[in-house]
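Q: Take a look at the following structure, please.
The values are calculated or read from the model by the stated rules, or taken from the named source; none is laboratory data. Quick caveat, the model's predicted, so the values are computed rather than measured. Cβ placement follows ideal geometry from the backbone for every residue including glycine, while neighbour counts extend to all protein chains displayed.
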Amino acid sequence: MLQPLIVRHLGMTDFEETWHAMQRFTANRTSNTPDELWLTEHSPVYTLGLNRKNVRLPTEADIPLALTDRGGKITYHGPGQLIIYALLDLKRYHLNVRKLVSLLENSVIDLLAKYGVNAVAKADAPGVYVHEAKIASLGLRIKNNCCYHGLSLNIDMDLKPFAAIDPCGYVGLKVTQTKDLGVDVNLQSAGELFVTILNNRLGFHVDAL
């Protein structure tokens, strides 16, 4: 019988160290390895996914750039942004990549709805948007039917570094965060609510927070 996801609260972490830990976890897991969610926030870093064609590289020389193995193009991570890494065996939940993306997007949409924010997903541009501004980004890697990487949700951060790139490869794409939408929530509360919503969407019926 499947069990609710194991949740690890990592606090502030270095992106590359956490990325390599996800790779090791995925490489070493077996058919019996429980699925996990890692909640964290990162020191300032730009990350560039495998889709590197026509990407405008950042002009912020004091913020490092990491070339990573997730899908997608370029984004920014920094303090005040909730990172949720999903280490899941897709076969357990009868998920393909499209269903996985929708699962994560809809969990963010449900989270924001709890705070009265109407958010949407877009079929041609993964992520979650509020009034055409991106509030959550997704980037995943699938290996042996298991995923790692995940999503980032902007809570209360410095958004200026996004101006040095075309977020997720889209020229002129605006970004927003819960603070600027008048939502009073911190990273811990948002993370706990997301975990509850995702577990319930996977059928575990975790009590609401």
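Q: Which condition does ASP89 not pass, out of (1) within 26 Å of ASN145 (Cα to Cα); (2) under 14 Å from the mean Cα position of the chain (by Cα); (3) at pLDDT 95 or above, if it passes all the others?
A: (2)
Q: Can you tell which of HIS149, HIS94 is surrounded by fewer than 19 Cβ atoms within 10 Å (Cβ to Cβ) and either under 26 Å from PRO4 (Cα atoms) or in contact with a helix residue (DSSP H, G or I) (Cβ under 6 Å, 6 or more places away or on another chain) (or both)?
A: HIS94
Q: Of all the residues that make up the range 101-132, how many are among the small types (Gly, Ala, Ser) and within 16 Å of the chain's Cα centre (by Cα)?
A: 6
Q: Go through the range 163-183 residue by residue and tally those that are under 16 Å from the mean Cα position of the chain (by Cα) and either part of a helix (DSSP H, G or I) or closer than 17 Å to ASN54 by Cα (or both).
A: Of the residues in that region, 2 qualify.
Q: Out of (1) surrounded by fewer than 16 Cβ atoms within 10 Å (Cβ to Cβ); (2) under 23 Å from ASN28 (Cα atoms), the odd one out for LEU39 is which?
A: Single failed check for LEU39: (1).
Q: Does the range 131-146 hold any residues that are crowded, with 22+ Cβ neighbours inside 10 Å, under 17 Å from LYS174 (Cβ atoms) and of a type in the set (A, V, I, L, M, F, W, C), and which are they?
A: ILE135, ALA136
Q: Moving on to the next point. Would you check which residues across the range 114-130 are under 15 Å from GLU192 (Cα atoms) and either free of Cβ contacts under 8 Å to residues at least 40 places away in the same chain or not in a helix (DSSP H, G or I) (or both) and list them?
A: Within the range 114-130, TYR115 is the sole residue that qualifies.
Q: Please count how many residues of the range 22-67 are in a loop (DSSP other than H, G, I, E, B) and among the β-branched types (Val, Ile, Thr).
A: Of the residues in the range 22-67, 5 are in a loop (DSSP other than H, G, I, E, B) and among the β-branched types (Val, Ile, Thr).
Q: Which one of these is surrounded by 15 or more Cβ atoms within 10 Å (Cβ to Cβ) and touching a helix residue (DSSP H, G or I) at 6+ places or on another chain (Cβ under 8 Å): LEU198, LEU187?
A: The conditions single out LEU198.
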